[in-house]
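Working notes for the structure below.
The values are calculated or read from the model by the stated rules, or taken from the named source; none is laboratory data. Since this is a predicted model, take the numbers as computed values, not measurements. Here the Cβ is made from the backbone with ideal geometry for all residues, glycine too, and neighbour counts use every protein chain on show. Just the protein is used for accessible areas: all its heavy atoms, side chains included, with ligands, DNA and RNA removed. Shrake-Rupley method; radii C 1.70, N 1.55, O 1.52, S 1.80 Å.
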Amino acid sequence: MTNERTFAGIPEIYASSEKAKIALITVPYDGTSTWQKGADKGPQAFLEAAENMELYDIETDSEVYKEGIHLTESVDENSSPEEMVEAVHQITKKYINKNKFVTIFGGEHSISIGTIRAFNECFHNLTVLHIDAHADLRKEYEGSSCNHACAVYEASQTTNLIQVGIRSMDGIEKTSMDPDKTFFAHKMISDDFWMVNAIDQMTENVFITFDLDAFDPSIFPSTGTPEPGGLLWYETLDFLKKVFTERNVVGFDIVELCPNPNEKSSDFLAAKLYYKMLTYRFNAEIEETDDTFDKDADNPFNRLSKFKDYDDE
């Protein structure tokens, strides 16, 4: 379905597909969640919150929306988890091949199987940074490998997977987990060097999949499977800023907002997180290139992608 609105209500001059550097794909899917339903309403709540968000970032003295954010057609495929994953895979790849900085907002975490697959096909030696309360490493769950509990199993087999904030898992998931690249929440609390150690294990190209239940429920209660002992706001921003500064983040997705009509702060946090991540991405790019920045080669994908066919289909 085509969106007539723009992200955060930004002027059309910053929202057109032709001029925008950033593509935002929404995936209102909640087909495999097993406890609280409602993640399919997450993208709508996120967009509504964004329309009430200040677009000047105090920390960086910038307005990243001026780089252009195009709100694409949403992915409404819900006939099966497998069909949804393939639809997400194809549209993500489509916008990567248009040389956009591609971002995705779900929906439940199963959508990330499609996003990660697309980025892994398009970028060399990819690291997937998985920020989550849950390991999501089951090979199959409830008869499908495209379940939310399997969100990063494929990534564990095909990419350099680094997991941060984990505090809930099934014993069987240990067979797919790399303990040296897994940062458990109960250990992070007393480890002053976990951020440095996580970044040291990343390759140059990084894709971030951010499950909002990584946050502590005290600041983010509106998610399908909240877990105590999670991340807080400023430590999360500190880590993300370091990642965006020290590595080439090629895209990201954010998932698992399960909106509650009586609790709007989570919707707003999700919108603010999305905007902060964009701000760090493009602020880091400007700082790196400084005054020698070549406007004719200003896309990070030109030198780092496996291929570009520029096929609009």
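Here's the yes/no breakdown for (1) farther than 16 Å from Gly165 by Cβ; (2) open to solvent by 10 Å² or more (accessible area, probe 1.4 Å); (3) among the β-branched types (Val, Ile, Thr):
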residue: Ala214; (1), (2), (3): no, no, no
residue: Gly229; (1), (2), (3): no, yes, no
residue: Asp238; (1), (2), (3): no, yes, no
residue: Lys241; (1), (2), (3): yes, yes, no
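Return the residues of segment 205-264 that are over 20 Å from Glu48 (Cβ atoms), among the β-branched types (Val, Ile, Thr) and not in a helix (DSSP H, G or I); say none if nothing qualifies. Within segment 205-264, Val206, Ile208, Thr209, Thr225, Val249, Val250 meet the criteria. What do you reckon, is Glu154 at pLDDT 95 or above, in a helix (DSSP H, G or I) and under 23 Å from Asp57 (Cβ atoms)? No, not satisfied. Say whether the condition of being in contact with a Gly (Cβ under 8 Å, 6 or more places away or on another chain), of a type in the set (Asp, Glu) and open to solvent by 10 Å² or more (accessible area, probe 1.4 Å) is met by at least one residue in segment 54-71. No, that holds for no residue.
When the residues of segment 117-131 are filtered to those that are assigned to a helix (DSSP H, G or I) and open to solvent by 10 Å² or more (accessible area, probe 1.4 Å), the one that is nearest to Val88 (Cα to Cα) is Arg117.
Ser218 falls short on exactly one of the conditions (1) open to solvent by 50 Å² or more (accessible area, probe 1.4 Å); (2) hydroxyl-bearing (Ser, Thr, Tyr); (3) modelled with pLDDT under 95, and that condition is (3). The test for being among the hydroxyl-bearing types (Ser, Thr, Tyr) and buried (at least 18 other Cβ atoms within 10 Å of the Cβ) holds for Thr182.
Among the residues of segment 28-35, is any in contact with a Lys or Arg (Cβ under 8 Å, 6 or more places away or on another chain) and of a type in the set (Asp, Glu)? Yes, that holds for at least one residue. Count of segment 73-116 residues, restricted to those that are of a type in the set (Asp, Glu) and either open to solvent by less than 10 Å² (accessible area, probe 1.4 Å) or in a helix (DSSP H, G or I) (or both), is 4.
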